[in-house]
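Read the structure below first, then the notes.
The values are calculated or read from the model by the stated rules, or taken from the named source; none is laboratory data. This is a predicted model, so every value here is computed, not measured. Note that we place each Cβ from the backbone using ideal geometry, even for glycine, and neighbour counts take in every protein chain shown. Just the protein is used for accessible areas: all its heavy atoms, side chains included, with ligands, DNA and RNA removed. Shrake-Rupley method; radii C 1.70, N 1.55, O 1.52, S 1.80 Å.
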Amino acid sequence: MQNNTFSRLYLRQNLIVLEEVTSTNDYLKELLSNIKPLPEATAIMAIHQVAGKGQRGNSWFSKPAETLNLSFSLHPKDFFIHQSFNLNMLVCLGIQRWLSTLLPNAQIKWPNDIYVGGKKLCGVLIENQLSGPRIHSSVIGIGVNIKQHAFPIAIQHKATSLYIEKPEVPLQSLEDYALSLLLAIMTLYENTDLNDTQQLLTAYNSCLFRKGVPAYYEIAGDTLLGILQGVDSNGKLRILFDGQERLFDLKEVSFKQ
């Protein structure tokens, strides 16, 4: 990976723009299943994604020409499945740094959402293809709310967009946003040792949503007041309750508004 140099031109040449698709992740996975290998960072962007997928089987709300719907492929070398959260951290950091050039207060909400002003602006879904204990390839799906002026009532209290947060930002084409986002992530990918968990973890925890702030969490049906301490090397969330730290995996804890 360190032998490649990614440029905007390279990424543009490997960006496929579709008017409509059910899921950019599914479309890219189908391309990957063909015998001919795809170049690193091959990307699919859809103007309208009909059935976008979110984390934990959730759907991703998307309006035509307002949401950046993007999936791209990576082929990490000598990267094992037990290290998969490292890739999650790297992608989130790339998005957070890219978004921070547009907005001042972008944070990572564990495990892989980007929040601004306490509301979700971006979500990530990573699907790995395995070869034994190694990750052979990864499809990274990203949805970024760009041009939405409003959201459905059911989610307007927890979703936001670039336009809502900073309407004075000159809006570019979705393709231009896709290319600048890809360049930010791939530059970080090129210059980071994906096996260096501690380096990634330190950076990830430094911009973690709610870190050190008393807030309510739902655990096994109970709502408890705790203080988020950070994330450990296995990707588990560390929260302090009444002076005692507890660890949580996906689906074991929910953030309360």
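Odds and ends about this structure:
- Efficiency of FRET between L130 and Y216 - r from beta-carbon atoms, R0 45 angstrom, step 0.05: 0.75
- Here's the list of aspartates and glutamates a cross-link from K251 could span, going by alpha-carbon distance under 12 Å and ignoring same-chain residues fewer than 8 apart: E218.
- For the range 176-248 and the range 130-144, distance of Cα centres in Å: 20
- Probe 1.4 Å, protein heavy atoms only - accessible area per residue of the range 145-257 in square angstrom: 52
- Apportionment of accessible area to carbon and sulfur, the chain, percent (1.4 Å): 50
- When each full DSSP H helix of the chain is screened for a Cα extent of at least 15 Å along its own axis and an average Kyte-Doolittle hydropathy of at least 1.0, the helices passing are 174-190.
- The slack in the chain from L103 to A154, taken as 0.36 nm per residue of separation less the alpha-carbon distance, amounts to 15.9 nm.
- Identified option (computed Cα Rg over 2.2 N^0.38 Å; candidates [x] 1.19; [y] 0.99; [z] 1.06): [y]
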